[in-house]
Every structure is written in structure tokens, then in C-alpha cells.
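Everything below concerns the one structure shown next.
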Amino acid sequence: MTQPKILIMPGSNRAGSHNARLAAAAHKQFSKLECEAVRISLRDYPLPIFDADLETQKGVPENAQKLGRLFSTHHGVMIVSPEYNASFTPLLKNAIDWISRVKKDDSGPLSPYRNPVFALAAASPGGFGGIRGLIQLRAVLTELGAQVIAQQAAVGNAASAFDDDDELTNDRARQFLANTCASLVDIARRLKVHV
């Protein structure tokens, strides 16, 4: 049986980002499961601020098309997002908005939010672990037609949550992440379409 393909995308580009570290920890968890996992950075896919006039004049930017293709050709997507003012990052919102405009490529129709199943995770310096931002992110993805699994990982006190190898030091947080990764792989395997 073909292994499910999992895409991991942090919603932060900041140097030393807690969420990039959580994405690295998730990648290690996925490496223990029967799947093909790849981690990307939005730094490698710069996008202009979403603007309908710009889209009309120049079309969907190439990097948005690449991201849309990545979403469409993976069975599962884990988004790891920091919390900004009880929501998620402008960087991530902009990427989500542009990806929502990707409907096809040279090979045919694409469904960036309907093909894969999604999982969410967050790390935050505060005690709530970014959970308020994940509520907002879940609502947006669901509105776009995405299936978002119930399990999620929220890591609080992120400044001291990782060791030098980007492993979570708290057993409970590590178990939440492991459960979320395992659930995503299991559901992606059961629901996967041929991509």
C-alpha cells in the first residue's frame, strides 16, 4: 500500500520561531510513522498581500500556485501556527487566501483544501499554547471546505518547551503531538485519494 504523503507548514518565518521548532518536532514524529513527510517554509514562497485587483491584472502568483499544488498533491497537511492577538499570523492568512484562488494547473483541476485532510498545532510563550489562534484557523479552513481532524497540539511556555534537538521536553506535550501526528496519518491513509 502506498504511504500517505504529509506536508508540514509552519505559519511563521521568524528566526528561532517556536512554531518552526514545533514543525521540526512534528517532522520527527512523522518519521516514526508509515508516511512520507516533508516540511516547508513560507519563506521559500513569498507572496504579495492578497489583492483582487492584482489577481485580475496578473493572475494568481506562481508561489501561490506552487503551494496550491503542494496541498493538492498531499494526503495530509499539518499547519503549525503561532497565535497573534488571539488569531493566527497575517503571513499564514495571506498564504491561505492566495491558495484559495488556485483552481487548476497544467495537469487539470486542483482542490487545495478538499483533497488533503488537515491537522493543527501551535506553540506559544503563554500558558494557553496558541489554542485561541487554532480556533480561528480551524474556522477559516472549515469555511474553505477543509476537513480538519479533532486532535491538535498546543504547546504552552514554548520558550522552554524544546531541547537543543527541537524535541519537546514535556511528556504531555510530546504525547499530544504524537497523537495528533498519528491521527493525521491514519485518517489520511483511510481517506486518501490518488494524488
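Being acidic (Asp, Glu) and crowded, with 18+ Cβ neighbours inside 10 Å is the filter here; which residues of the range 62-96 pass it?
GLU83
Being in a strand (DSSP E or B), within 22 Å of ILE6 (Cα to Cα), open to solvent by 30 Å² or more (accessible area, probe 1.4 Å) and touching a Ser or Thr at 6+ places or on another chain (Cβ under 8 Å) narrows it down to one of ALA154, ALA122, so name that one.
When all the criteria are applied, what remains is ALA154.
Evaluate the following for ALA159: is it aliphatic (A, V, I, L, M), surrounded by fewer than 19 Cβ atoms within 10 Å (Cβ to Cβ) and either outside any loop (DSSP other than H, G, I, E, B) or in contact with a Ser or Thr (Cβ under 7 Å, 6 or more places away or on another chain) (or both)?
Values: aliphatic (A, V, I, L, M): yes; surrounded by fewer than 19 Cβ atoms within 10 Å (Cβ to Cβ): yes; either outside any loop (DSSP other than H, G, I, E, B) or in contact with a Ser or Thr (Cβ under 7 Å, 6 or more places away or on another chain) (or both): yes.
Taking the combined requirement at face value, the residue satisfies it.
Could you check ALA139 against (1) of a type in the set (A, V, I, L, M, F, W, C); (2) open to solvent by 20 Å² or more (accessible area, probe 1.4 Å); (3) closer than 25 Å to CYS35 by Cβ and say which number it fails?
(3)
So how many residues does the range 148-159 have that are over 13 Å from the mean Cα position of the chain (by Cα), modelled with pLDDT of 95 or more and farther than 14 Å from ALA20 by Cα?
Here the count works out to 2.
Counting only residues that are open to solvent by less than 70 Å² (accessible area, probe 1.4 Å), under 16 Å from GLY129 (Cα atoms) and not small (Gly, Ala, Ser), how many does the range 168-195 have?
3
The values are calculated or read from the model by the stated rules, or taken from the named source; none is laboratory data. Computed from a predicted model, the values in this text were never measured in an experiment. Positions of Cβ are generated from backbone atoms using ideal geometry, with glycine treated the same way; all protein chains shown enter the neighbour counts. Remember, those area values only see protein heavy atoms, side chains included, never the ligands or the DNA or RNA. Shrake-Rupley method; radii C 1.70, N 1.55, O 1.52, S 1.80 Å.
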